[in-house]
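Peer 1: Below is one structure. I have some questions about it.
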Amino acid sequence: MYKIAIFASGSGSNAENIVTYFKDKNLAEVVLILTNKADAFVLERAKKLAVESVVFSSEQLKSGELVDLLKDKGVDFIVLAGFLLKIPKNLIDAFPNKIINIHPALLPKYGGKGMYGDTVHKAVVANCEKESGITIHFVNEHYDEGAIIFQAKCSVNESDTYEDVARKIHQLEYEHFSRVIEELLLEKPEDKLK
Ligand code: GAR
């Protein structure tokens, strides 16, 4: 049984979906939800779902303190679901090819520092893009640059507001994210990179 930790900075609707998806399966279990925001709604969700949660500072993330905590809990796979901060080298080295992220655009477009949530959707609408989508990728030391595992697209119409795009993107995320995690765990994530 894989033990998954989820990092999230905001609402945590993806985190909730992942917890629920794996609840009745023997493959994996979400054992920890971690956030850098003490007022993030994901903490309410964790409580409701009876998943242990941890609030940490960016200093604790950088210092490597979290690695010990994750290892103590037996975590073997990490999912970033709406997480704002950059993952430091110490965490990447401790979990090689075991950290994945979901990004609300078709990388390499609209990625990088500061490209988060609605900022991405506003840029997509401002540039009159005809399509957007989601990217699930391995995490490396550079924002949104790790190997791509999966992408899915949606159309963007001329009349779409950034809120419309956000809704479409969330829909894609709910449809695919947990399933892609499941497939990855069944395949063993390290095989995916060969
Ligand atoms: C999701 O759309 C996710 O793709 C995005 O934040 C949202 C979190 O929603 N992540 C990023 O922008 C990372 N750069 P949620 O808190 O409801 O799951």
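The values are calculated or read from the model by the stated rules, or taken from the named source; none is laboratory data. None of the values given here were measured: they were computed from a predicted structure. Here the Cβ is made from the backbone with ideal geometry for all residues, glycine too, and neighbour counts use every protein chain on show. Calculation scope for accessible area: heavy atoms of the full protein, side chains included, ligands and nucleic acids excluded. Shrake-Rupley method; radii C 1.70, N 1.55, O 1.52, S 1.80 Å.
Peer 1: Could you run through the stretch 93-119 and say how many residues are of a type outside the set (Gly, Ala, Ser) and farther than 22 Å from VAL180 by Cα? Talk me through it step by step, then tell me what you get.
Peer 2: Here is the first cut: in the stretch 93-119, the residues of a type outside the set (Gly, Ala, Ser) are 93, 95-104, 106-110, 113, 115-116, 118-119.
Those still in the list that are farther than 22 Å from VAL180 by Cα too: 93, 113, 115, 118-119.
Here the count works out to 5.
Peer 1: Return the residue satisfying two criteria in turn: it lies in the stretch 18-36 and is surrounded by fewer than 17 Cβ atoms within 10 Å (Cβ to Cβ) and among the polar types (S, T, N, Q), and of such residues it is nearest to the ligand (Cβ to nearest atom). Steps first, please.
Peer 2: Of the residues in the stretch 18-36, the ones surrounded by fewer than 17 Cβ atoms within 10 Å (Cβ to Cβ) are 20, 23-27, 29.
The next check asks that each one be among the polar types (S, T, N, Q); those that pass are 20, 26.
Details: THR20: 13, ASN26: 25 Å.
Looking at residues that are surrounded by fewer than 17 Cβ atoms within 10 Å (Cβ to Cβ) and among the polar types (S, T, N, Q), I get THR20.
Peer 1: Please work out which one of (1) open to solvent by 70 Å² or more (accessible area, probe 1.4 Å); (2) under 29 Å from LYS23 (Cβ atoms); (3) away from the ligand (no atom under 12 Å from the Cβ) is the condition PHE41 fails and give its number.
Peer 2: (3)
Peer 1: Condition first: away from the ligand (no atom under 13 Å from the Cβ), of a type outside the set (Val, Ile, Thr) and in a helix (DSSP H, G or I). Now tell me which residues in the stretch 158-185 satisfy that.
Peer 2: Scanning the stretch 158-185 gives ASP164, ARG179, GLU182, GLU183, LEU184, LEU185.
Peer 1: Another question, then. Do you know which of the residues in the stretch 79-127 that are aromatic (Phe, Trp, Tyr) and at pLDDT 95 or above is farthest from ALA15 (Cα to Cα)?
Peer 2: Once the filter is applied, the top-ranked residue is TYR110.
Peer 1: Let me ask you something else. Return yes or no: is ALA50 modelled with pLDDT of 95 or more and within 16 Å of the ligand (Cβ to nearest atom)?
Peer 2: no
Peer 1: Continuing with the same structure: Among the residues of the stretch 126-137, is there at least one that is exposed (fewer than 13 other Cβ atoms within 10 Å of the Cβ) and within 13 Å of the ligand (Cβ to nearest atom)?
Peer 2: No; the residues of the stretch 126-137 include none that is exposed (fewer than 13 other Cβ atoms within 10 Å of the Cβ) and within 13 Å of the ligand (Cβ to nearest atom).
Peer 1: Considering only residues that are open to solvent by 10 Å² or more (accessible area, probe 1.4 Å) and either touching a His at 6+ places or on another chain (Cβ under 8 Å) or more than 9 Å from the ligand (Cβ to nearest atom) (or both), which ones fall in the stretch 1-13?
Peer 2: MET1, TYR2, LYS3, SER13
Peer 1: Exactly one of (1) out of contact with any strand residue (DSSP E or B) (no Cβ under 9 Å at 6 or more places or on another chain); (2) buried (at least 17 other Cβ atoms within 10 Å of the Cβ); (3) basic (Lys, Arg) is unmet by LYS89. Its number?
Peer 2: Status for LYS89: all satisfied but (2).
Listed here are the residues, each with its yes/no results for (1) open to solvent by 30 Å² or more (accessible area, probe 1.4 Å); (2) touching a helix residue (DSSP H, G or I) at 6+ places or on another chain (Cβ under 6 Å); (3) more than 28 Å from LEU69 (Cβ to Cβ).
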site	(1), (2), (3)
ILE99	no, no, no
ALA147	yes, no, no
ASN157	yes, no, yes
GLU175	yes, no, yes
